[in-house]
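Here the structure comes first, spelled out in structure tokens, and everything after it is commentary.
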Amino acid sequence: MTKWFLSFLIVLFALTVKAQSNVIDSIKVSLQEKPKFFMSLNNRNTFIRSNKTKLYGLTGGFDYNEKVKLFVGIYGFGDANETLLINDIDFVQDSVFRYINTSNFSLGIEYDYWEYERLHLSFPIQIGIGSINYEFVEKDKSTPIRIQNYNIVPIEFGSNAYLELLTGVGLKAGIGYRMTLGKKEASQLSSPYYNLGISILVGEIYKDIKKNINYKP
């Protein structure tokens, strides 16, 4: 599945760049426009060694000409991923619970390569720095065995579709790949991701509310 996702994204990216030969010029022109601040809450489905989990994020930054977004983000699993290990050779116990959690800070850029009315298609790319935490406990879930922490450099790229429903609220879907660079225990968490759900642009909603409050007929 991982190879399929990577191949699909590479082909999609190549086709998009070929169709949009002036991508660099388009970005340069957009960055000359006055930016708009935005914030958004998002989550995506990803995998920990084939176990599906959710990665949550809070992003904020500037939107240039509704074409280019420069942003920073904070991401994490929220709840640690729980797995019961049975007869694992690394432990003398017959059964051990493993909890995996992560958090990272990222810088990113998102380029809208196609739009029609309220529908936007875009390529997001981001790179970050953070950590992965492994915690192993006895089967009773209260007796700790050991804790391991690893530094990571996550790199994400993919393709998103956004359909605006209301001001600051829309339906967002996307697929991509989250590559986790680091020691073996960290790099094993590299995996595809996908998302489908409601996207909330907190900054846009705030500006709309402020505009209505200050409106004088």
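The values are calculated or read from the model by the stated rules, or taken from the named source; none is laboratory data. Predicted model only: the values in this text are computed from it and were never measured. Because the Cβ atoms are built from the backbone with ideal geometry, glycine has one as well, and the counts that use them run over all protein chains shown.
Among the residues of the range 111-134, how many are free of Cβ contacts under 8 Å to residues at least 60 places away in the same chain, hydrophobic (A, V, I, L, M, F, W, C) and within 18 Å of residue 194 (Cα to Cα)? Going through the range 111-134 one residue at a time, the tally reaches 3.
Report every pair of residues separated by at least 6 positions or lying on different chains whose Cβ atoms are under 9 Å apart, first residue within the range 166-181 and more than 17 Å from residue 196 (Cα to Cα), second buried (at least 19 other Cβ atoms within 10 Å of the Cβ) and aromatic (Phe, Trp, Tyr). Note: no pairs meet the criteria. Out of everything in the range 58-79 that is surrounded by fewer than 17 Cβ atoms within 10 Å (Cβ to Cβ), modelled with pLDDT under 90 and under 19 Å from the mean Cα position of the chain (by Cα), what residue ends up being farthest from residue 139 (Cα to Cα)? It comes out as 78. Annotation: residue 155 fulfils all but one of (1) over 13 Å from the mean Cα position of the chain (by Cα); (2) free of Cβ contacts under 8 Å to residues at least 60 places away in the same chain; the unmet one is (1). Counting just the residues of the range 161-175 that are among the aliphatic types (A, V, I, L, M) and surrounded by 13 or more Cβ atoms within 10 Å (Cβ to Cβ), which one comes out nearest to the chain's Cα centre (by Cα)? It comes out as 175. Residues that are among the small types (Gly, Ala, Ser), over 28 Å from residue 37 (Cα atoms) and buried (at least 17 other Cβ atoms within 10 Å of the Cβ) within the range 97-145 are absent altogether.
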